[in-house]
Amino acid sequence: MTNEKITLSKTGELSVGKLIEYFQTVLGVMLSPVKGQYNTYWLSARTVDGKRLEVVDGPKYYKLVFDEYGVEIVCNGMFNAYSMKSNIVQWIKEEVAARKVA
C-alpha cells in the first residue's frame, strides 16, 4: 500500500466532519465508509454538473483517510496515489477559482 497526503492545515485545526462534507457536497466526491475504520472512506466516483464520473473501474481502490490536517490517499501503487492526489488538488483549485468568479 502506498500513501500520499494532502495537507490542508499546518496546525491541525480542521473539522474532520466539515472536510468530509466539503468533499461530498462541494467537490461532488462519492464516499462510502470503510467498515471498522474511523474517518476512512472508499472513493468511488465524482459528480460534476449532474453527471456521475467514475474514478475507478471497481469499488474499494482509493481509500481516503481524513484527519485534522487534511486527507491521506491509500492505494496500491505509488504512481496511482500520486495521480489521485493531483486530481483532488486540481478539483479543489477549480472549486476555489469558481468561487472567486461568482
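Every read-out reported here was derived from the displayed coordinates using simple, explicitly stated rules and does not represent laboratory data. Quantities reported herein were computed from a predicted structural model and do not represent experimental measurements. Note that we place each Cβ from the backbone using ideal geometry, even for glycine, and neighbour counts take in every protein chain shown.
Out of the GluC sites (Glu not before Pro) in the range 1-37, which ones are loop residues according to DSSP with at most 16 other C-beta atoms within 10 Å?
Glu13
Starting at the first residue of the range 39-45, write each ³J(HN,Hα) from the Karplus equation 6.51 cos²θ - 1.76 cosθ + 1.60 with θ = phi - 60°, in whole Hz, x for Gly and Pro.
Rounded to whole hertz, the list is 6, 10, 9, 7, 8, 10, 7.
Of all trypsin sites (Lys or Arg not before Pro) in the range 1-93, which ones are in loop regions per DSSP and have a Cβ with at most 14 other Cβ atoms within 10 Å?
Lys10, Lys35, Lys60
Which whole-number percent is the relative contact order of the chain (Cα, under 8 Å, 6+ apart)?
Relative contact order of the chain: 33 percent.
Can you list the lysines whose alpha carbon sits under 28 Å from that of Lys63, skipping same-chain ones fewer than 8 residues off?
Lys5, Lys10, Lys18, Lys35, Lys51, Lys85, Lys93
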